[in-house]
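First the structure, in the form of structure tokens, and then the observations on it.
The values are calculated or read from the model by the stated rules, or taken from the named source; none is laboratory data. Being a predicted model, the structure only gives us computed values, none of them experimental. No Cβ is skipped: glycine too gets one built from the backbone with ideal geometry, and neighbour counts run over all protein chains shown. Ligands, DNA and RNA are stripped out before the accessible areas are found, and what is left, the full protein with its side chains, is counted by its heavy atoms. Shrake-Rupley method; radii C 1.70, N 1.55, O 1.52, S 1.80 Å.
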Amino acid sequence: MAIELSKILPCDWYEALAAQDTLGTLKEVCEQVAVLRTRENVYPEDSLVFNALWQTPLAQVRCIILGQDPYINPGQAMGLAFSVPNGTPPPPSLRNIFIELQREFGGERRTCTDLTDWTKQGVLLLNSVLTVRAGESFSHQHIGWQAITRTLVAIALMTGRAKAMLLWGQKAKQLVDGLDMRRHFVLTASHPVAMTNIKPFAGCGHFSLVNYWLERQGDTPINW
């Protein structure tokens, strides 16, 4: 099955992947996904697999939030980590994110479940694995996506300004293990739905900490 990566990836990210000699690996993964789509229901739809890259140009990335893999229920996955289309009830992870936002900033709890407004402010919402079989979390974790998404993160870290990075849960931490993040602002916590007392997500303060750091860098804060 012919896959033309130059047509499904934005030019900036495509060229950066080409410079890292990663296009061959990505083509193989995309071909595997195409075959899987003939056998099973795969989320998100083809046109949204690389939505995170289309929504946040490489040169504009200033914060990276890593998710695990797409949501597994109909009408949820939209190619942006943690985000679901407006009108869709927030899944538990997104609901806990909104609770944390309200705790940090006060006011009414956010109800807009589409996080595209974050991407327009330079927040890369990237999942570690970009596709999933309907109804089965992590079902595509063994087809090679992590090699691609790790490279995407490495590219973003090497390009331009220092970045803020939010790593929630072991999957996110494992993806970037060994990358040089010394000049970046890295915050870690448990996954938003993890039940743990070890660096819990609830009360982590990450959103306000990122804004404080951005302002210290002479940058504008993110309107979360």
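Points to keep in mind about this one:
- Sulfur and carbon atoms: percent of accessible area, the chain [1.4 Å]: 52
- Calculated FRET efficiency, THR196 to ARG216, Cβ-Cβ distance, R0 = 22 Å: about 0.15 to the nearest 0.05.
- Å² per residue, accessible surface of the chain at 1.4 Å: 47
- Computed about the Cα centre, the dipole magnitude for segment 1-66 is approximately 140 debye when only Lys and Arg (+1) and Asp and Glu (-1) carry charge, each at its Cβ.
- Full-stretch length increase - ARG39, ARG103 - with 0.36 nm per residue and alpha-carbon distance subtracted: 18.7 nm
- Between 0 and 90°, nearest 10: helix 92-105 axis offset from the chain longest Cα axis: 30
- Computed from Cα atoms, the angle from the helix 23-37 axis to the main principal axis of the chain rounds to 80 degrees.
- Listed residues GLU108, GLU15, GLU45, most fluctuating in the chain (Gaussian network, C-alpha, under 10 Å): GLU108
- Distance-filtered residues of segment 24-40 - backbone nitrogen under 19 Å, label point 7 angstrom along LEU5 Cα→Cβ: 24-36
- C-alpha long axis of helix 206-216 to longest principal axis of the chain, angle in °: 80
- On the beta carbon distance between GLN20 and SER137, with R0 = 30 Å, the FRET formula returns roughly 0.55.
- Among LEU26, LEU80, LEU66, the largest mean-square fluctuation in a Gaussian network model of the chain, built with springs joining Cα atoms closer than 10 Å, belongs to LEU26.
- When both bridge partners sit in the chain, DSSP labels roughly 20% of those beta bridges antiparallel.
- For the pair ASP12 and ASN223, label points projected 7 Å from Cα toward Cβ lie 2.0 nm apart.
- Segment 1-40 and segment 65-130: distance between their alpha carbon centers, rounded to Å: 25
- Entry note, the chain: the mean residue ellipticity at 222 nm calculated from DSSP H runs of n ≥ 4, each adding -39500 (n - 2.57), is -10500 deg cm²/dmol after division by the residues and rounding to the nearest 500.
- Taking a ≥ b ≥ c as the square roots of the eigenvalues of the alpha carbon gyration tensor, segment 57-199 is rounded, as a/c is under 1.5.
- Among ASN197, ASN51, ASN211: highest mean-square fluctuation, GNM of the chain, C-alpha pairs under 10 Å: ASN197
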